[in-house]
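Here the structure is laid out as structure tokens; the discussion comes afterwards.
The values are calculated or read from the model by the stated rules, or taken from the named source; none is laboratory data. Just so it is clear, the structure is predicted and the values come from calculations on it, not from any experiment. Note: ideal-geometry Cβ built from the backbone for every residue, glycine included; neighbour counts use all protein chains shown. In case anyone asks, the SASA skips ligands and DNA or RNA and just uses the protein heavy atoms, side chains included. Shrake-Rupley method; radii C 1.70, N 1.55, O 1.52, S 1.80 Å.
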Amino acid sequence: MDMPLSLHRGLAGTIVAAALGLWLVAAHAAGVPPAYTPLVVEPTVSEGRSEFDLGPALARAQRENKRLYVYLGASDCPYCRRYENFLRKNADELVPHFRPWIVVDLRSTLATTANRLFIRTGDRSLDYTAFQHSIGDQRTRMLVYPSVWLFDPQLKPLMQMPAGTGTFETVEEQLEILNLVQ
Amino acid sequence: MTASLPRPLPASSRARTRRRLLLGLGALPLASVPAARAAVGGLPSNTGHADVSPEWELLRGRLFGTRPIAAGSGRVQLIAPLRAAYGASVPVKIVSQLAQTPALYVRRLHLLVDKNPSPLAATLELTPEVGQADFETRLRVDEYSHVRVVSELSNGELHMDSRYVKTSGGCSAPPNRDSPELIGRTIFKLPEPATMGAPSTADLTVLHPNDTGFELNNVTVMYIPSFFVRTIAVSYAGRKVFDADLDFSISENPSWRFRFVPHAPGELRAEVVDSKEHRYTGTLQVAVG
């Protein structure tokens with residue numbers, strides 16, 4: 001028996017709505033969990049380059065005399081989801097330790113490679129490698145998602161960080177990072 | 001007919017035999033594309049730098065038998081970061097608290113990574129010509145592991161220091177392999193002018209992929225065969241400074257910072273052999289200030 005056209009339309013509408021809902025849930029799931037009150041920075045995309053402006057985060061860090069915990073994640077990166085899930089799962093325990101920090105959530109994609117990713121601070125916009133050189137970070141050779149930087153309010157790195165987050169995905173190790181244990 | 005006694009193997013062959021014995025101790029493959037992997041959450045993080053590991057207990061027996069090893073005696077120090085920028089390139093520094101004199105000197109240094117599949121990263125055979133047995137290099141560290149240095153003195157004493165190093169990765173591209181024509185280029189640099197009669201610092205780099213054999217080619221989905229620098233012999237003005245027996249636990253483009261004592265202007269020379277028996281040479285004329 002043929003389905004009436006209106007039923008077809010209704011079913012299609014339901015599927016589209018469900019898909020949209022799933023997409024929204026997935027999109028919401030990506031990024032630092034809200035419990036950490038992250039300052040989300042979306043890139044300005046033009047001519048194949050994605051530029052993240054750290055200016056507002058720096059200004060706020062100086063105003064509030066807080067450190068910056070800058071997290072670079074990609075929407076399509078499984079390691080990023082894993083770290084974010086770790087943060088989500090342990091939020092009760094970790095959030096109090098993040099209070100001296102402003103968590104900055106730079107939202108990128110894996111397609112944004114080192115030569116396409118730019119960081120802006122004030123008048124200066126540098127690609128990933130040049131930015132790393134400018135702050136004396138050893139992670140110049142390749143861009144790894146996710147990445148974390150720790151800065152003081154003057155954008156001075158507080159500690160050399162590893163590529164990736166795999167070495168601080170336990171509460172104890174996350175606290176090592178927040179306490180700048182080297 | 002007289003039965004001939006077995007001839008002793010040269011040092012490098014002995015080390016190679018030792019390495020064959022040691023290979024296979026590691027349980028996991030070396031980080032082939034190190035930055036494309038990540039440590040499993042929950043790995044031991046409260047391990048002390050001076051702790052032993054089951055792998056070390058095995059290695060110790062195979063390398064040194066029942067000889068006593070003084071840990072933390074201060075004769076040798078290993079400096080390594082708790083977390084390096086990249087697991088494929090962990091900077092390590094060996095500092096010897098002993099001047100190299102003919103009466104007593106560091107005769108051999110063993111550099112080990114407990115959890116790597118081939119844990120013995122390097123064995124350095126030294127002479128007093130090195131002046132000061134301090135070395136720096138970069139290691140591949142596959143997973144959370146102790147890195148150790150065992151210093152063997154000319155009087156037979158063994159001293160050890162160790163550091164616990166945490167590594168993992170994330171999502172990224174594999175190393176660049178666009179310049180195969182450069183493989184084997186052997187480059188010396190002096191960070192500062194050499195000083196007559198005093199330990200002077202030199203940097204040696206061999207451009208080489210130092211492939212582990214565990215790395216998957218993402219295009220062919222085949223493993224890239226192991227291909228690494230096996231030995232380096234460094235001399236100054238015709239006199240041996242040190243010989244290094246190496247493995248793929250040394251990072252891509254193996255580099256060494258070392259000391260030597262120039263007594264007159266001369267030539268620093270490195271003879272390099274890789275696992276395909278390719279031979280490379282690097283030289284530098286040294287003017288002494």
Whole-number value, in Å³ per residue, for the convex hull of the alpha carbons of segment A:54-145 is 107
When you count, for each residue, the other Cβ atoms within 10 Å and take the mean per peptide, how do A:94-105, B:253-264, B:111-122 rank with the highest first? B:111-122, B:253-264, A:94-105
Could you tell me the convex hull volume per residue, in Å³, taken over the Cα atoms of segment B:105-152? 66
Members of segment B:72-105 that become less accessible by 30 Å² or more once partner protein chains are added (1.4 angstrom probe, chain alone as reference): B:Leu82, B:Arg83, B:Ala85, B:Tyr86
Here FRET efficiency (C-beta to C-beta, A:Gln62 to B:Ile79, R₀ 45 Å, nearest 0.05) is 0.85
Volume in Å³ per residue [convex hull over Cα atoms, computed for segment B:223-272]: 79
Mind ranking B:136-142, B:267-273 by how tightly packed they are, going by the mean number of other C-beta atoms within 10 angstrom, highest first? B:136-142, B:267-273
Computed FRET efficiency, Cβ-Cβ of A:Leu175 and B:Arg62, R0 41 Å: what is it to the nearest 0.05? 0.60
Using the Karplus curve 6.51 cos²θ - 1.76 cosθ + 1.60 with θ = phi - 60°, what ³J(HN,Hα) values do you get for each residue of segment A:105-118, in whole Hz, with x for Gly and Pro? 10, 8, 9, 10, 9, 5, 5, 7, 7, 4, 7, 9, 9, 10
What pairs in A:Lys156/B:Lys189; B:Lys115/B:Lys189; A:Lys89/B:Lys166; B:Lys93/B:Lys240; A:Lys66/B:Lys115 have C-alpha atoms more than 29 Å from each other? A:Lys156/B:Lys189; B:Lys115/B:Lys189; A:Lys66/B:Lys115
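Gain in length, A:Ala35 to A:Arg49, computed as 0.36 nm per residue apart minus the alpha-carbon separation, to one decimal in nm?
Numbers: separation 14, 0.36 × 14 = 5.04 nm, distance 3.03 nm.
Value of the extension gain: 2.0 nm.
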Using alpha carbon centers only, segment B:238-267 is separated from segment A:64-100 by a whole-angstrom value of 44
Rough spin-label spacing in nm, given labels placed 7 Å along Cα→Cβ, for A:Leu110 and B:Leu216: 1.2
Please work out the average accessible area per residue across segment B:64-133, using the 1.4 Å probe convention, and give it in Å². 32
Roughly how much accessible area, to the nearest 100 Å², goes out of reach of solvent when A and B pair up, both sides summed, probe 1.4 Å? 2100
According to a simple spin-label model (label point 7 Å from Cα along Cα-to-Cβ), what is the distance in nm between A:Arg88 and B:Lys276? 4.8
Need the full-extension length gain, B:Val288 to B:Glu192, defined as separation in residues times 0.36 nm minus the C-alpha distance. One decimal, nm. 33.5 nm
Going residue by residue through segment A:153-168, the Karplus relation 6.51 cos²θ - 1.76 cosθ + 1.60 with θ = phi - 60° gives ³J(HN,Hα) values, rounded to whole Hz and with x marking Gly or Pro, of x, 9, 6, 8, x, 8, 6, 5, 9, x, 5, x, 10, x, 8, 9
At R0 = 30 Å, how high is the FRET efficiency between B:Glu267 and B:Val95 if r is their beta carbon distance? Nearest 0.05 is fine. 0.65
Could you work out how much longer the chain between A:Gln138 and A:Ser125 gets when fully extended? Use 0.36 nm per residue separation minus the Cα distance between them, nm to one decimal. 2.8 nm
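Take the alpha carbon atoms of segment B:37-167, find their radius of gyration, then divide it by 2.2 N^0.38 Å using N residues; give the quotient.
Ratio of Cα Rg to 2.2 N^0.38 Å: 1.04.
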For B:Arg107, which sequence-distant residues (separation of 5 or more, or a different chain) have an amide H within less than 5 Å of its own amide H, given hydrogens modelled in the peptide plane? B:Glu152, B:Leu153, B:Ser154
Restricting to Cα pairs below 8 Å that are 6+ residues apart, what does the relative contact order work out to for segment B:178-274? Please round to a whole percent. 32
Karplus couplings for segment B:192-208 from phi (6.51 cos²θ - 1.76 cosθ + 1.60, θ = phi - 60°), rounded to Hz, Gly and Pro as x? 8, x, 5, 10, 4, x, 10, x, 10, 8, 9, 10, 10, 10, 10, 6, 6
